[in-house]
1. Which condition breaks for residue 193 when tested against (1) of a type in the set (Asp, Glu); (2) under 26 Å from residue 12 (Cα atoms); (3) open to solvent by 40 Å² or more (accessible area, probe 1.4 Å)?
2. Evaluate the following for residue 154: is it under 19 Å from residue 35 (Cα atoms) and in contact with a Lys or Arg (Cβ under 7 Å, 6 or more places away or on another chain)?
3. Across segment 16-31, what is the number of residues that are open to solvent by 20 Å² or more (accessible area, probe 1.4 Å) and within 16 Å of the ligand (Cβ to nearest atom)?
4. Would you call residue 111 surrounded by 20 or more Cβ atoms within 10 Å (Cβ to Cβ), among the polar types (S, T, N, Q) and either in contact with a helix residue (DSSP H, G or I) (Cβ under 7 Å, 6 or more places away or on another chain) or in contact (Cβ under 8 Å) with a residue 12 or more places away in the chain (or both)?
5. With a cut-off of at least 1 residues that are charged (D, E, K, R) and under 22 Å from residue 202 (Cα atoms), name the strands (runs of 3 or more DSSP E) lying wholly within segment 1-112.
6. Please name all residue pairs, on different chains or six or more residues apart, with Cβ atoms under 7 Å, provided the first residue is in segment 207-227 and is part of a strand (DSSP E or B) and the second residue is acidic (Asp, Glu).
7. Enumerate the pairs (first residue in segment 23-34 and among the aromatic types (Phe, Trp, Tyr); second residue anywhere and open to solvent by less than 10 Å² (accessible area, probe 1.4 Å) and in a strand (DSSP E or B)) with beta-carbon separation below 6 Å, excluding pairs fewer than 6 apart on the same chain, so at least 6 apart or on different chains.
8. Identify, please: which residue in segment 149-178 is in contact (Cβ under 8 Å) with a residue 60 or more places away in the chain and farther than 20 Å from residue 214 by Cβ and is, among those, surrounded by the fewest Cβ atoms within 10 Å (Cβ to Cβ)?
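The values are calculated or read from the model by the stated rules, or taken from the named source; none is laboratory data. Predicted model, so just to flag it, every value in this text is computed and none were measured. Glycine gets a Cβ as well: all are built from the backbone with ideal geometry, and neighbour counts include every protein chain shown. Protein only, heavy atoms only, side chains kept; ligands, DNA and RNA dropped before computing areas. Shrake-Rupley method; radii C 1.70, N 1.55, O 1.52, S 1.80 Å.
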Amino acid sequence: MTNFVIPAPKVASIPVAGSGQFPVRRIYCIGRNYAAHAVEMGHDPDREPPFFFQKNSSNLDPSGEFPYPPKTSDVHHEVELVVALKSGGTNIPVDRALDHVWGYGIGLDMTRRDLQGEAKKLGRPWEIGKAFERSGPVGPLHPVSETGHPTVGRIELKVNGALRQEGDLNQMIWKVPEMIAYLSEYFELAPGDIIMSGTPAGVGAVVRGDTMEASIEGLGTLTVRVV
Ligand code: MN
């Protein structure tokens, strides 16, 4: 027993399809990883070096409900392939990177776009727009033994049945092994780390009462209600 002076926070985790929980350490999110989304956000889709921001492990939420957050009037959906690491290290070569992947899932990088926009304009960090409570609705993880490493396949998001976002995993500018290798040059990756791999074009706002359905070929559908 460690001699904690206050109750220790609980370890964040997300469910595994079937049974079990995957413990979460850090969440790295890549920005502008699909060319069409980079263009819709007003950027050049050329292959510039990738950039990442982080959410907090406790932001992930498997409940199927997304409470509309405070201090915003423009909350956007971003459907993303979630990559869960079972091991890590530093300076991982691209050709060994997939050895570190435990599995895959569907996640939403919910974003207070108005606050993120202000932060961008002022050259400030993005956490206020990205890393708020329950900002990461997530579905169950599937082990690589069941899914393989998805590199192609439709990724889409519907709101109230209407298609909003669509793309294909093969449109990622930085592929999963490249993201792992790149991150490992700057950070020490470790078991429990999550990578949110970017969103295709079509991001947009939701309001209370909306139902989001996020699908990735081979990984099923994540349904989240905005409450
Ligand atoms: Mn995102």
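1. (3)
2. Working: under 19 Å from residue 35 (Cα atoms): yes; in contact with a Lys or Arg (Cβ under 7 Å, 6 or more places away or on another chain): no.
Taking the combined requirement at face value, the residue does not satisfy it.
3. The total comes to 1.
4. yes
5. 52-55, 79-85
6. 215/156; 221/213; 223/213; 224/65; 225/65; 226/210
7. 28/195
8. Per the criteria, the residue is 178.
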